[in-house]
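Since the structure comes first, as structure tokens, the remarks are kept for the end.
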Amino acid sequence: MELSALETLVRVAWVAGAVAFVIGLIRMNSPATARNGNLLSAGGMAVAIGATAVFLAFETREEGLNVTGWVIILAGLALGGGLGLYTARTVKMTAMPQLVSLFNAVGGGAAALIAIDDYLRLSATPSLQVNVATVLDIVIGSITFTGSLIASGKLMGLKITPSRPVMIPGGQLVTAALALIVVAGAIYLWIPNLSVPIMLVILAAALVFGVTMTLPIGGADMPVVISLLNSFTGTAVAMAGFVLDNPVLIIAGALVGASGAILTKLMADAMNRSVINIMVGGFGAAEGTQGAVAGAGHSVRELGMDDAAIQLAYASSVIVVPGYGLAVAQAQHAMRELAELLEARGVDVKYAIHPVAGRMPGHMNVLLAEANVPYPQLKEMEEINPEFDRCDVALVVGANDVTNPAARKPGSPVSGMPILDVDHAKAIIVIKRSMGRGYAGIDNELYGNPKTGMLFADAKAGLAELITAVKAL
């Protein structure tokens, strides 16, 4: 087979893989088809990788076998594929945001390394197209790498990267200076000039920019940051595609970059935040760090299990508000069982899903779908909020920041963030292990509301006791 004919077949396979990416992304738009869409996209990537391997095999046959190169490729496939398979099978859904952040770091770092390697190999000034793509790949990939590592550390609660905003002295000026260095260096290389030292300066500034951009961001705003960095990863991969003249990387990266950008805008709007503030490194930190006073002057009322069961069993309507505590306890199946038990008694049960419930877009939807909760019962924030005024009981299971009335007042880290109007319900039951604060690091005023009864228990154990108590009625 001639190389030209082989190259044609390889490019056809690349296009087929790209089509699989697009169709897979479309199918991920619905929980009912998301699993198949994910498999289709993975299959498209497998086709693209296989076609590339075949092309490389024939190409190296003409130039002589490069044993070292093939060992590195196979070792990379085995290591990366093995780690991917292991993490996919072992990671808990509650740790998925951290894993996504690490994947973003790997993707951005890999894309930046491709561009760095390509630039170091240059012996003459490259064309403007290649030069622009190479510099953008280094910048975006480097920012994504360090920013994603910081974001993952914040989600894990590491001491060196606490979830609270970490203010850098003169942070805004530092971030602006780093951005200026990157822009000035990029323009110098695009004039065009070939300068490895300038490229290394740009690389260092971008790496530091990723840190200074992410450290000042509070934990409550981290879902938007994850989405933004995911968009950065896709953009960096697309730039790597231009550097390597690889259409698969261009298409796949553009899809991830565009979808991530759209999701970032939707998430920012849902949390009443500005995307621009993310870019300048002041996101989530402008409001200060003062916390709300628990209960706004009211004492916390503890509720007995039997009393809670009676309220739920004899209600006309119940709105369940699931949160991170439910996800940590893997209590989604117990939640569905309690809901079915209440429905059998004629209670209307709905689920209120905040855009960032579970610390990641769609996280709570996936957990509840896994427990076979009917999709029509899952109501988004805009749809369910008006119904709290007519709701007999709001059952909050592990949700914290997304129910905090302090968001309606100035002066707290969650000020202005749209919340679920749980405090509008006639009665409120909160299942929580303790009075511990949420990811924003402030007290929840809802817990001191006179209508609120606190059930202090692990979400799974508490729901199991509630099921037993309702059955005994």
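The values are calculated or read from the model by the stated rules, or taken from the named source; none is laboratory data. In this text the structure is predicted, and so the values were computed from the model without any measurement. All Cβ positions, glycine included, derive from the backbone under ideal geometry; neighbour counts span all protein chains shown. Note: accessible area is taken over every heavy atom of the protein model, side chains too, but ligands, DNA and RNA are not part of it. Shrake-Rupley method; radii C 1.70, N 1.55, O 1.52, S 1.80 Å.
Here is the figure for segment 356-367: residues that are open to solvent by less than 10 Å² (accessible area, probe 1.4 Å), under 19 Å from Gly260 (Cα atoms) and modelled with pLDDT of 80 or more total 1. Does segment 49-67 contain any residue that is surrounded by fewer than 18 Cβ atoms within 10 Å (Cβ to Cβ), aromatic (Phe, Trp, Tyr) and more than 26 Å from the chain's Cα centre (by Cα)? Yes, there is a match, as at least one residue in segment 49-67 is surrounded by fewer than 18 Cβ atoms within 10 Å (Cβ to Cβ), aromatic (Phe, Trp, Tyr) and more than 26 Å from the chain's Cα centre (by Cα). Screening the candidates Thr175, Thr144, Thr161, Thr125 for the property of being modelled with pLDDT under 90, assigned to a helix (DSSP H, G or I) and touching a helix residue (DSSP H, G or I) at 6+ places or on another chain (Cβ under 9 Å) yields one hit, Thr175.
Restricting to segment 198-237, name every residue that is among the hydrophobic types (A, V, I, L, M, F, W, C), closer than 15 Å to Ala112 by Cα and open to solvent by 10 Å² or more (accessible area, probe 1.4 Å). Result: Leu200, Val201, Leu203, Ala204, Leu207, Val208, Phe209, Phe232, Val237. Exactly one residue among Glu337, Glu370 is within 23 Å of the chain's Cα centre (by Cα) and surrounded by fewer than 20 Cβ atoms within 10 Å (Cβ to Cβ), and that residue is Glu370. Right, Gly325: surrounded by fewer than 24 Cβ atoms within 10 Å (Cβ to Cβ), modelled with pLDDT under 90 and either in contact with a strand residue (DSSP E or B) (Cβ under 9 Å, 6 or more places away or on another chain) or part of a helix (DSSP H, G or I) (or both) or not? When the stated conditions are applied, Gly325 does not pass them. Within segment 390-400, identify whether any single residue is farther than 25 Å from Gly304 by Cα, more than 22 Å from the chain's Cα centre (by Cα) and open to solvent by 30 Å² or more (accessible area, probe 1.4 Å), and answer yes or no. Looking through segment 390-400, none of the residues is farther than 25 Å from Gly304 by Cα, more than 22 Å from the chain's Cα centre (by Cα) and open to solvent by 30 Å² or more (accessible area, probe 1.4 Å). In segment 366-384, the residues that are over 23 Å from Asn38 (Cα atoms) form Cβ pairs under 8 Å with partners that are open to solvent by 40 Å² or more (accessible area, probe 1.4 Å) and assigned to a helix (DSSP H, G or I), at six or more places apart or across chains, as follows: Lys379/Glu387. Against the numbered list (1) modelled with pLDDT of 75 or more; (2) surrounded by fewer than 16 Cβ atoms within 10 Å (Cβ to Cβ), Gly436 comes up short only at (1). One residue is enough: does segment 346-355 have a residue meeting the conditions open to solvent by less than 40 Å² (accessible area, probe 1.4 Å) and part of a helix (DSSP H, G or I)? No, there is no match, as no residue in segment 346-355 is open to solvent by less than 40 Å² (accessible area, probe 1.4 Å) and part of a helix (DSSP H, G or I). Residue-level analysis places Lys159 outside the set of residues that are of a type in the set (Lys, Arg), surrounded by 14 or more Cβ atoms within 10 Å (Cβ to Cβ) and over 26 Å from Ile250 (Cα atoms). Taking each residue of segment 223-250 that is within 20 Å of Val19 (Cα to Cα) and looking for partners that are among the acidic types (Asp, Glu) and surrounded by 24 or more Cβ atoms within 10 Å (Cβ to Cβ) with beta-carbon atoms closer than 9 Å, six or more apart or interchain, yields Thr235/Asp137; Val237/Asp137; Ala238/Asp137; Met239/Asp137; Ala240/Asp137; Phe242/Asp137.
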